[in-house]
Each structure stands twice: as structure tokens, then as C-alpha cells.
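Take a look at the structure below.
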Amino acid sequence: MGHSSRREFLKRSVTAVCAASVAESALAHAVSATGSVLSPLSSAADTPLPIKKGVWMEMLPASLSYAERFKMARDVGFEVIQAPTEPDDRRAEEIKKAADDAKIRIDSVMNMDHWKYPLSSADPAVVEKSLAGMRTSLRNAKLWGCDAVLLVPAVLEPKTSYQNAWTRSQKQIRTLLPTAEELKVVIALEEVWNKFLLSPLEMARYIEEFHSQWIKAWFDVGNVMFYGYPQDWIRTLGKSIYKVHLKDFKRKENGYEWVNLGDGDVDWPAVRAAFAEIGYAGSAIVELEKGDEAYLRDVSKRVDRLVLGRV
């Protein structure tokens, strides 16, 4: 799949999300019945959070050169950038130079082969292609000075059981750990509507079973609205969260849509309070539709107001 595969995959789940809305309503009722409520903003969250504000590279205008894109990102207020896997050595060097010249850090790599070639596959050829993509991503990270690569660990399919997805993916990820340790790059695992790791308890257990400092969680605020509450995931995953994606999710009568930060159903004050409680001080990368300079500047200001508490 191309760089837009994540968003295309999510858009194909309209019917499923309607069913999820019903389930979530029942869950909310159960929570209310037990007397538990969403945590309000704590006093700790009244102080601006020490989170680095970042942008997904594909949000920047593709008509511009890498140098122009990175300069724009810095000028509108972003501190770091997440870049996709780049197998072409010449382009990878060009990206590095553009970031250096713009004085903006490439913070992380979004691995691009885990959907088309999932590590949970029973086909050794598919798995090897997935591993090769991750090795490229890890080398990109080392070249660019990143400290993390995002990985979707498994993709459930009719022919792949949940148990097989768990054991197969863990087995293959363990083969990457020596490289991750050598390069000093964390493999950060994300839940992205892949029908796997559907609760924060599961994700925490999955990560803990590696017994490795090089396996952490990549937490996406918008993705988990499909299954529950971001603030609950944040508190449950706690210190295992190494990187964060920011997007907003709005339910509609006939489905859902991805919207700009603050225009959806995410409870941003509760999310910010949860980040403050766990002492999160990593990066938060905005992953929305691409746009022009005015749009990007507005997004940057929304992150300041909603997530970082900078008014």
C-alpha cells in the first residue's frame, strides 16, 4: 500500500464503526452505573505539557521540495516531523539534508510495509518482505537521527486467528530486536483498526511479554475512539507510551468522519489531563489531511490549545 493506505483502510470501516457506537453507548452506561466518571482536568494539566509538537510529512504540500516543506513545518510552529519509510538512498539523504537545513528534527519513521505484508502472515515470503521493510525503516531512523519506528504488529484476516497473529508477530518482532538495540531505535507498536490489540490491557500485556526496552507503544488518540476512551488507554499504557499520534474522530448518524482537532468527539481536556498524570514528555505527531500553510498554522495552534495547554 502507498502512503495513504492507513487512512484508506480506516475509511473502509464505516459500517463497523456504527456497530461500535452502539457498543460504546452500552459501555458508557455501564461506567455511569458503577459511579466512575471521566477524570476532569487535574491541576497538573493546568501547566503547559512538555510535549514536542510534530507533523506527519504527508500533511505538507507535495508540490514543494523537501527543503520547502520542512521549512514550512518549522515556520508554522512544528518542532519535529514524522517521515515515511524511504528505500531510495538518494532520497533518504535528501530528506536528511532538508531537515538539517531547516533546523527541524525528523523524530520518527512510519513503517510502510506492515499492511501489505503483515508479520502475522503464514506465508514466509510475505513475512520476509515485511521484515525487510522494517529493516529499511530502522536504517532510515539511524540516518535521520530518529529514536523510533512505528510498526503495526499484526493484521487479522479470515485465515489468521487472533492467537496466531499474537504468536507469529511476536516471534518476528523478536528477530528485529538486535538491530533495534544496535541502532538505538525503539520499535513502537500502534493499534490502527487492524482487529488486533483491541484494549489497552491487551496492548500492555503484548508489550510486556517482550521484556525489552526497545519495544514500546505508539498511541493514537483518534484510533482508539473506535473501541473506548483515549484517556483510559493513556492511563493504562502509562510509561510504555513512547510516541503519540493526534487526530479527531466524529460519529455521525450514518457512520463517522475524521475531522480537525477539536471538531470531533475526543475529550481533549481529559486527554491532556491523562498525559499530565503519566508524565508524558515525548512527541505528539498530528496525522490529518494535507493542506496549505494557513491550514497547517491553524492545526499547530489547535495542538497548542487542546493538547499542550499553551494559550
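Structural remarks
- Accessible surface of the chain, 1.4 Å probe, proportion on carbon and sulfur as whole %: 54
- Difference of contour (0.36 nm per residue) and Cα-Cα distance, Leu64 to Arg297: 82.2 nm
- Beta bridges per DSSP with both ends in the chain, % antiparallel, nearest 5: 15
- For the chain, the convex hull spanned by the alpha carbon atoms encloses 132 Å³ per residue.
- Accessible area per residue in Å² at 1.4 Å probe, computed on the stretch 171-311: 39
- Cβ-placed point charges (K, R +1; D, E -1), dipole of the stretch 150-305 about Cα centre in debye, nearest 20: 340
- Residue among Pro178, Ser63, Tyr117 farthest towards the positive dipole end of the chain, charges placed on Cβ: Pro178
- The mean sequence distance of close C-alpha pairs (under 8 Å, at least 6 residues apart), as a share of the length of the stretch 80-204, puts its relative contact order at 25 percent.
- Here the contact order of the stretch 137-216, divided by its residue count and restricted to Cα pairs under 8 Å and six or more residues apart, works out to 37 percent.
- Derived scalar couplings between HN and Hα for the stretch 198-204 equal 7, 9, x, 5, 5, 4, 4 Hz in order, rounded to whole Hz, by the Karplus curve 6.51 cos²θ - 1.76 cosθ + 1.60 (θ = phi - 60°), x for Gly and Pro.
- Ellipticity at 222 nm from helices only: DSSP H runs of n ≥ 4 in the chain, each -39500 (n - 2.57), divided by the residue count, give -13500 deg cm²/dmol.
- Remark: for residue pairs Lys159/Lys290; Lys195/Lys252; Lys142/Lys171; Lys142/Lys195; Lys71/Lys239; Lys71/Lys142, the C-alpha separation exceeds 28 Å in Lys159/Lys290; Lys142/Lys195; Lys71/Lys239.
- Once both labels are positioned 7 Å from their Cα atoms along Cα-to-Cβ, the gap between His211 and Asp304 label points is 4.8 nm.
- Selected from Asp298, Asp267, Asp88 as most flexible by GNM, with the chain as the system and alpha-carbon contacts under 10 Å: Asp88
- Nearest-20 debye value, the chain charge dipole, Cβ charges on Lys, Arg, Asp, Glu: 280
- Model label zone, Asp46; criterion: amide N under 17 Å from point 7 Å along Cα-to-beta-carbon; scope the stretch 234-273: 269-270, 272-273
- Interchain or long-range residues, amide H under 5 Å from Ser120's placed H: Val155
- Candidate aspartates and glutamates for bridging to Lys103, where Cα separation is under 16 Å - those fewer than 8 sequence places away on the same chain excluded: Glu68, Asp75, Glu79, Glu93, Glu94
- Per-peptide average of other Cβ atoms within 10 Å, ordering 287-296, 158-167 highest first: 287-296, 158-167
- Residue-wise HN-Hα couplings along the stretch 264-278, as the Karplus relation 6.51 cos²θ - 1.76 cosθ + 1.60 with θ = phi - 60° gives them from phi, are x, 9, 5, 8, 5, x, 5, 5, 5, 4, 5, 4, 5, 5, 8 Hz; Gly and Pro carry x.
- The chain: relative contact order in percent, alpha carbon pairs under 8 Å with at least 6 residues between: 22
The values are calculated or read from the model by the stated rules, or taken from the named source; none is laboratory data. Quick caveat, the model's predicted, so the values are computed rather than measured. Counting neighbours? That spans all protein chains shown, and the Cβs are built from the backbone with ideal geometry, glycine included. Surface accessibility is based on the protein's heavy atoms, side chains included, excluding ligands, DNA and RNA. Shrake-Rupley method; radii C 1.70, N 1.55, O 1.52, S 1.80 Å.
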